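Engineer: Structure provided below as structure tokens; questions to follow.
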Amino acid sequence: MNLFLLLDFTRQDFVDRYSGSVLGASWAFIHPLVMIFIFTVIFANVMGARLPGDSSSYSYTLYLVSGLLPWMAFANTVTRGSTVFLDRRNIIAKIPLDLAYLPIYIVVSEGVAFLISMAIFMGFLLIIGKLPGEPFLFLPLVFILQQIFAFGLGLLFGVLNVFLRDIKEMVGIMLTFWFWLTPIVWVPDVAPQLVQDFQHYLNPAYLFIAAYRDIFVHDQMPDFGALSRLVVIAHATLLAAWFLLKSLERDVRDFL
Amino acid sequence: MIRAEHVSKHFRLYRKPSDRLKEILLRRSYHSVHQALEDISFQVDDGQTLGIIGQNGAGKSTLLKILTGVLLPDSGRVRVSGRITGLLELGTGFNLEMSGIENIRANAMLLGMGADQIASRREAIIDFAELGEFIHEPLKTYSSGMIMRLAFAIAIHADPSCFVVDEALSVGDAYFQQKCMRAIQDFRARGGSILFVSHDMSAVKALCDHALLLEGGRIIDQGLPKDVVDHYHAMFLHRSHQGDVPVVIQRPTEHAAPRSQNSAPLAGTGEVELVKLEMLNAQGQVVEHVTSEAPLTIVAHLLAHRDLDQPHYGIGIRNRFGHSVFETNTYCMGQTPAALTAGETVRVEWRVVANLIKGDYSMTVGVGNRPYGTGSFDEILFFSHDLAMLKVEVDPDAIRYDGYFNMHPDVSIQTVG
């Protein structure tokens with residue numbers, strides 16, 4: 001399984017997603033554009049939502065989108081990772097692929113989609129004059145850590161899903177809960193203390209979501225203590241997934 | 001080069017896949033075991049062709065999957081120098097929405113080719129597949145034969161070190177099959193190894209250097225294709241015989257030399273014994289060679305160990321590839337031989353003209369009882385190949401020809417315009 005093949009899977013993934021549509025890959029730009037537009041209009045202008053202690057009319061949009069875009073990349077990677085072996089069973093059953101590397105194309109593909117959304121978001125930030133400062137340089141690091149974590153989870157669920165198809169649905173439910181338990185739409189300050197504590201100690205997603213907020217909303221360096229916790233959690237998850245795959249690979253191949 | 005060393009594979013059969021997880025969590029067994037392969041060892045050297053034969057379910061596909069690496073063996077090792085391709089990847093990675101050209105790229109990449117390699121091979125692949133304008137059409141408009149053409153063209157151009165030829169080849173039309181066979185032979189001449197998996201026994205005999213016979217996941221025979229194919233056929237005689245007497249199939253131990261005439265038969269109950277088998281020339285002398293076009297008499301002395309109410313006697317002549325040149329039996333010839341009682345010996349004499357092309361031939365003799373259908377028997381009492389060798393020499397007075405035998409053609413030539 002070489003890099004070349006992996007990149008082609010990624011490319012093919014994009015082609016397949018928009019194949020047959022007239023606008024083609026431009027849909028990859030249209031979706032985030034519409035999302036940013038709606039959140040701006042609904043929350044900032046219609047509902048007049050403001051962040052506590054910030055009166056700027058775009059502050060909530062900024063808050064929302066800077067959390068939502070990474071979360072979507074994260075959730076999509078996990079969801080698609082959990083079905084990758086079943087989706088690709090016709091190839092796995094015919095071509096000797098390294099199963100551990102197969103989900104990488106999803107990670108890369110979602111990374112590209114994130115990059116496109118991020119470019120549009122940056123355009124929006126430029127227009128409203130809220131371009132992030134130096135902390136922005138840490139964005140790639142945060143995103144890579146987040147995707148390593150997503151890769152680990154996707155691989156873990158992907159292996160289990162071969163044996164128990166319900167995993168796919170359970171992952172969907174889990175991600176919905178996770179989404180609402182993480183301060184993406186809501187602001188941590190409004191939540192009870194218990195929920196706020198939960199974020200810091202038990203929610204790995206908060207670790208990276210908070211880092212994006214620091215970069216885009218607060219214009220400050222991300223919390224490196226939190227990021228180093230994320231480094232450990234992400235790699236531990238990936239390692240666990242890798243061991244699970246290696247110990248069950250024979251069965252995975254037999255079942256596919 | 002392909003080498004398999006003591007490869008074993010079992011499948012655990014679960015009623016549903018989640019039982020596997022239950023098993024891990026509860027530490028109880030929820031499966032039954034199917035032993036798909038057991039202690040398989042063989043080697044295919046560069047430039048060699050190995051035939052793999054066996055009935056459905058014998059383990060051929062599992063073996064191929066382990067060799068290509070998509071299944072992992074329980075124990076044992078597989079070593080392949082380079083890449084294995086073949087039609088078993090027929091359609092893998094083929095996207096029916098994409099055109100032939102795009103599929104060449106995608107498929108070749110799946111086989112592990114690099115971008116520059118694909119670019120340099122693309123024209124050759126397109127030329128080989130001979131799909132004309134269709135190469136630019138989506139694959140969903142292709143017939144199965146056309147998809148096979150494309151798959152084969154890519155597989156043979158992917159620089160494999162080993163090529164797997166299987167029944168998928170038969171999807172192609174006669175022209176393309178011939179083209180494939182030429183390409184495969186070229187590939188072998190360049191030092192490639194070939195695995196030939198087929199139910200076409202003539203092809204196995206003609207193309208393979210070695211063959212192995214799988215049955216129930218085990219190699220039950222391995223050696224020269226002709227011998228292994230005989231063994232395979234003998235298994236069917238065994239199976240078609242549903243009688244009450246267990247059939248003993250014995251393999252000849254020596255490949256080259258003709259079997260001693262009263263040895264145990266290849267198949268059959270053994271209740272008829274071949275006492276003597278002789279070939280006589282026109283002068284009635286016992287011979288082992290005969291001139292082409294000359295009369296030949298084949299005499300078999302057969303001793304019955306039990307009563308046979310409707311015995312029939314068969315004869316066969318096979319060439320050095322083990323291909324049957326001619327075979328028939330008294331039932332097929334419309335004869336009704338007299339019943340035999342135990343202890344009786346009959347002398348069966350066939351008189352033929354040996355108008356065969358020069359070469360080495362061998363004799364097959366069979367004895368059956370109670371015929372039915374177009375030439376099957378309720379009981380096979382004796383059946384064995386290679387009972388005697390016959391060398392046919394060129395008849396200097398006959399025309400020169402090639403093929404199997406002299407059809408004694410007449411020719412007339414007229415100027416018509």
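The values are calculated or read from the model by the stated rules, or taken from the named source; none is laboratory data. Not measured: the values here are computed from a predicted model. Here Cβ is always computed from backbone atoms with ideal geometry, including for glycine, and neighbour counts include all displayed protein chains. Calculation scope for accessible area: heavy atoms of the full protein, side chains included, ligands and nucleic acids excluded. Shrake-Rupley method; radii C 1.70, N 1.55, O 1.52, S 1.80 Å.
Engineer: Measuring from centroid to centroid over Cα atoms, what is the spacing of the range A:63-87 and the range A:223-254 in Å?
Structural biologist: 17 Å
Engineer: Protein chains only, probe 1.4 Å: how do A:W180, A:W186, B:W350 rank by accessible area, largest first?
Structural biologist: Working: A:W180 145, A:W186 55, B:W350 20 Å².
Heavy-atom accessible area, descending, gives A:W180, A:W186, B:W350.
Engineer: Now for a different question. Taking the Cα atoms of chain A, report the difference between the largest and smallest coordinate on each principal axis, in whole Å and largest first.
Structural biologist: 59, 47, 32
Engineer: With every atom except the alpha carbons ignored, what do you get for Rg and Dmax of chain B, in angstroms?
Structural biologist: So, for chain B, Rg and Dmax equal 26.2, 91 Å respectively.
Engineer: Tell me: how much accessible area in total is hidden between B and A, 1.4 Å probe, Å², nearest 100?
Structural biologist: 2400 Å²
Engineer: Return the subset of A:K168/B:K16; B:K16/B:K140; B:K9/B:K226; A:K94/B:K226; B:K179/B:K358; A:K94/A:K246 for which the Cα-Cα distance in this structure is over 25 Å, preserving the input order. Could you put the intermediate results ahead of the total?
Structural biologist: Numbers: A:K168/B:K16 16 Å; B:K16/B:K140 33 Å; B:K9/B:K226 28 Å; A:K94/B:K226 31 Å; B:K179/B:K358 29 Å; A:K94/A:K246 19 Å.
Where the Cα-Cα span goes over 25 Å, the pairs concerned are B:K16/B:K140; B:K9/B:K226; A:K94/B:K226; B:K179/B:K358.
Engineer: Would you mind getting the Kirkwood hydrodynamic radius of the range A:19-152 from its Cα pairs, rounded to one decimal in Å?
Structural biologist: Numbers: mean 1/r = 0.0594 Å⁻¹.
This gives a value of 16.8 Å.
Engineer: With a 1.4 Å probe and all protein chains kept in place, how much accessible area does B:Y232 have, in Å² rounded to the nearest 10?
Structural biologist: 20 Å²
Engineer: Moving on. Out of B:L131, B:L37, B:L50, whose Cα points farthest toward the positive end of the dipole of the range B:2-215 (charges: +1 Lys, Arg; -1 Asp, Glu; placed on Cβ)?
Structural biologist: Toward the positive end, the furthest listed residue is B:L37.
Engineer: Using a 1.4 Å probe on the protein chains only, how many percent of the accessible area of chain B belongs to carbon and sulfur? Before the final figure, lay out each step's value.
Structural biologist: Numbers: 10260 of 20150 Å².
Carbon and sulfur together cover 51 percent of it.
Engineer: Provide the descending list of Cα extents for the range B:307-410 along its principal axes, expressed in whole angstroms.
Structural biologist: Each principal axis gives a Cα extent; for the range B:307-410 these are 48, 28, 22 Å.
Engineer: Taking the Cβ-Cβ separation of A:D166 and B:A189 as r and a Förster radius of 45 Å, what is the calculated FRET efficiency to the nearest 0.05? Each step should come with its number before you reach the end.
Structural biologist: Values: r = 54 Å, r/R0 = 1.21.
So, using R0 = 45 Å, E works out to roughly 0.25.
Engineer: Residues with amide H under 5 Å of B:A36's amide H, sequence separation 5 or more or different chain, H placed in the peptide plane at 1.01 Å from N; which?
Structural biologist: So B:A36 has HN proximity to B:K9, B:H10, B:F11.
Engineer: Take the alpha carbon atoms of the protein assembly as shown, find their radius of gyration, then divide it by 2.2 N^0.38 Å using N residues; give the quotient.
Structural biologist: For the protein assembly as shown, the normalised Cα radius of gyration is 1.37.
Engineer: Per residue, what accessible area does chain A have, given a 1.4 Å probe and all protein chains present, in Å²?
Structural biologist: Values: 11630 Å² over 256 residues.
Ligands and nucleic acids excluded, the figure is 45 Å² per residue.
Engineer: For labels at B:Q283 and A:I128 in the simple 7 Å Cα→Cβ model, what's the distance in nm?
Structural biologist: Once both label points are built, they end up 11.4 nm from each other.
Engineer: Using all Cα-Cα distances in the range B:118-182, what percent lands in each 10 angstrom bin from 0 up to the longest?
Structural biologist: Reading the bins upward from 0: 20, 56, 24, 0.
Engineer: Once the whole set of protein chains is in place, how much accessible area is left on B:S41, using a 1.4 Å probe, in Å² to the nearest 10?
Structural biologist: Its heavy atoms expose roughly 40 Å² to the probe.
Engineer: For the range B:78-144 and the range B:282-359, write down the distance between their C-alpha centroids in whole Å.
Structural biologist: 52 Å
Engineer: Another one. Quote the accessible area belonging to A:M221 in square angstrom, nearest 10, computed with a 1.4 Å probe and with ligands, DNA and RNA left uncounted.
Structural biologist: Spelled out: A:M221, probe radius 1.4 Å, area about 90 Å².
Engineer: Given a Förster distance of 41 angstrom, what is the FRET efficiency for B:T336 paired with A:D98, based on the Cβ-Cβ distance and rounded to 0.05?
Structural biologist: Numbers: r = 68 Å, r/R0 = 1.65.
Here the calculated transfer efficiency is 0.05.
Engineer: Assuming R0 = 41 Å, can you tell me the calculated FRET efficiency for the pair B:A206 and B:H305, based on Cβ-Cβ distance, to the nearest 0.05? Please list the in-between numbers first.
Structural biologist: On the way: r = 38 Å, r/R0 = 0.92.
Efficiency, rounded to the nearest 0.05: 0.60.
Engineer: For the range B:2-215, what does the equivalent ellipsoid look like in terms of its semi-axes, each the square root of 5 times an eigenvalue of the Cα gyration tensor, given largest first in whole Å?
Structural biologist: Rounded to whole Å, the semi-axes are 32, 22, 16.
Engineer: Another question about this same structure. Each residue of the range A:23-31 in turn: what ³J(HN,Hα) in whole Hz from Karplus with 6.51, -1.76, 1.60 and θ = phi - 60°, glycine and Pro shown as x?
Structural biologist: Residue by residue, the range A:23-31 yields 7, x, 5, 5, 4, 4, 8, 5, 4 Hz.
Engineer: Could you work out how far helix A:59-81 tilts from the main Cα principal axis of chain A, as a 0 to 90 degree angle to the nearest 10?
Structural biologist: The two axes meet at around 0 degrees.
Engineer: How far apart, in nm, are the 7 Å Cα→Cβ label points at A:I233 and B:I357?
Structural biologist: Going by the 7 Å Cα→Cβ label model, 7.8 nm.
Engineer: Can you tell me, using C-alpha contacts under 8 Å and at least 6 residues apart, the relative contact order of the range B:296-348 as a whole percent?
Structural biologist: Working: 81 pairs, mean separation 27.8, N = 53.
Relative contact order for the range B:296-348 comes out at 53 percent.
Engineer: Now for a separate question. Do you know the relative contact order of chain B, to the nearest whole percent, from alpha carbon pairs under 8 angstrom that are 6+ apart? It would help to have the intermediate numbers written out before the result.
Structural biologist: Details: 848 pairs, mean separation 56.3, N = 417.
In percent, rounded to a whole number, it is 14.
Engineer: Hey, another quick one. Using a 1.4 angstrom probe on the protein heavy atoms only, line up B:V7, A:V46 by accessible area, largest first. If you can, show how the numbers build up before the last one.
Structural biologist: Working: B:V7 0, A:V46 105 Å².
Order by accessible area, largest first: A:V46, B:V7.
Engineer: May I pose another question? Report, in whole Å, the centroid distance computed from the Cα atoms of the range B:1-66 and the range A:122-181.
Structural biologist: Between the Cα centres of the range B:1-66 and the range A:122-181 lies a distance of 39 Å.
Engineer: Largest first, how would B:K205, B:K9 line up by accessible area (1.4 Å probe)? Please list the in-between numbers first.
Structural biologist: Values: B:K205 25, B:K9 0 Å².
Descending order: B:K205, B:K9.
Engineer: If you put +1 on each Lys and Arg Cβ and -1 on each Asp and Glu Cβ, how big is the dipole of chain B around its Cα centre, in Debye rounded to 20? Can you show the working numbers first?
Structural biologist: Working: 39 positive and 49 negative charges, 327 e Å.
Here chain B has a charge dipole of around 1560 debye.
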